[in-house]
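Remarks on the structure that follows.
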Amino acid sequence: MAGHNGSGSKEFEKALEIGRPSNIMKLFPNSRALIVSGKVIDRALVKKGKAMTIAANGRNRFVIHGALKAAQRANAAIIIEIAKSEGGANPYCAVNYWNIATLVDAAMNELGITVPVAIHADHYGIKGSEDVEAAKTELPSMFDAGITSVAIDASHLPDDENLLANLALSSYLPGWAGYETEVGEIKGKEGLSTPQEALFLIQGLNAHDIFPDWIALNNGTTHGIEASDAGIQVPLTVEIHNALAPYEISGAQHGTSGNSSERLREIAQKTRTTKANVATALQMISWGVEVNDYGNAILDQNGEFKKVSTNGVTDEMWEQMAAYAKEQGLKGGNYKKLNLPFENKLLGLPREIRERMVKGVEDFVYNLLVNVFNAGDTAPLGIEAILQAVSYDLGPKGKRIEDPAQWTEARIRERAAAVNFDD
């Protein structure tokens, strides 16, 4: 099952010794799970070229196990993540920022997973100064709990505030950690990100010697269940990634669950994207809801989900879940709120049912990794990156180009006004 850098190989043993970040070594001193910085995963996909890997939102244990097994089968470097809404201080999942690393480490040891895996805190949302203050305590606590990569998402704020929030929090992130930043969400459904906005954020960070691994854009994504097929704008993404090329930054693609395999394949082939988030699809597949080839739930004439009897949870359990959803007024994408109340009930199902829940996720993720994202055989490239650096800390991809004198707080505010004026 393992690739040529599998358990017992000289390369794997060396990577295990030097490639696990200090927080992971401290938490899991006796582990044989190659949990790495998000930087390692990004570099592996960059090295392969025209490839991205899945960042699987581990909303339940079945998704985590299925995604890990798929990565092992595909010999692919992978990311397991949870977002603030899913697993922050007010979560709707039992998996959270503070237990996800423990769950992944245990699963990797249990399943004999030898591919490199990063633990990513996705959409760490910053919506104002109070969130910035709270983050100064919360971010270090998450790294204490085994997070190895984070997305600081202040994209709901105006451009200057987004940049200033990223600057304010950069010193609370370990230098070795994977780092994602985000732009354009403030416009919501109305407007898409522009090259100017993306450049403003990345140039301002660059001037302060901050070099994110990924940027996420508002490029036509929607989170959750896709109602239309307008989907991700590939030409816009290419244009923005090309504008950012001097800064050596990769793309992170959000909201992939509603896009066809062709669209996702195009993103991998034509853009600089190395990380693609998949959340809703994996949850639905683990439960046994009927989905199309790209993981979008299929609804019946009444707008209800269709459960496949031979997949996922038992029909009786699904009836309980649907009844609870009805009682709580949960529809469509809000079925995600079933994760927390039902986690232990799902863990209490018969073994063969739990195994088929995992298997459904595994097969779906394997197909994405190998046939859509071109991520197969990227695990050895991640190991190679660690061995070349002789460290878990790969350092930045970019270098400083911008003049810090042009990016003081006062200049940032002036520049932001000009960017907004140009829109």
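Available extension along the chain between LYS127 and VAL390 is 90.8 nm, counting 0.36 nm per residue and deducting the alpha carbon span. Note: relative contact order over the stretch 10-422, using C-alpha pairs below 8 Å and six or more positions apart, is 24 percent. Can you give the % of DSSP beta bridges in the chain that are antiparallel, to the nearest 5? So the antiparallel bridges amount to about 10 percent of the total. Helices in the chain, meaning DSSP H runs of at least 4 residues, each add -39500 (n - 2.57). Divided by all residues, the mean residue ellipticity at 222 nm is -13500 deg cm²/dmol.
Cross-link partners of LYS14 among aspartates and glutamates, defined as those whose alpha carbon lies under 16 angstrom from its own and excluding same-chain residues fewer than eight positions apart: GLU384, ASP393.
Think of the stretch 259-418 as a dipole: +1 on every Lys or Arg Cβ, -1 on every Asp or Glu Cβ, centred on the Cα centre; then among ASN344, VAL291, ILE383, ILE383 lies furthest on the positive end. Does the stretch 200-344 come out rounded, prolate or oblate, given a ≥ b ≥ c as the square roots of the eigenvalues of its C-alpha gyration tensor, rounded meaning a/c under 1.5 and, failing that, prolate meaning a/b above b/c? Here the stretch 200-344 falls in the prolate category. Would the chain count as rounded, prolate or oblate if I go by the C-alpha gyration tensor, calling it rounded below 1.5 in a/c and otherwise prolate when a/b exceeds b/c, oblate otherwise? Verdict is oblate for the chain.
Grab the eigenvalues of the alpha-carbon gyration tensor for the stretch 327-423, scale each by 5, take roots, and send me the semi-axes largest first in whole angstrom.
Computed over the stretch 327-423, the values are 43, 29, 15 Å.
With unit charges on the beta carbons (Lys and Arg positive, Asp and Glu negative) and the dipole taken about the Cα centre of the stretch 10-422, which residue among VAL308, GLN72, GLY38 sits farthest to the positive side? With unit charges placed on the Cβ atoms, the residue in question is GLN72. Could you work out how far the C-alpha centroid of the stretch 145-213 sits from that of the stretch 260-309, in angstrom? Taking the Cα centre of the stretch 260-309 as reference, the centre of the stretch 145-213 is 27 Å away.
In debye to the nearest 20, how big a dipole does the stretch 10-422 give about its Cα centre with +1 on each Lys and Arg Cβ and -1 on each Asp and Glu Cβ?
So the dipole magnitude of the stretch 10-422 works out to roughly 900 debye.
What separates the Cα centres of the stretch 392-421 and the stretch 363-389 is a distance of 32 Å.
FYI, it's all coordinate maths here, none of it is from the lab. Keep in mind the model is a prediction, meaning the values are calculated, not measured. All Cβ positions, even for glycine, are placed from backbone atoms using ideal geometry, and neighbour counts span all protein chains on display.
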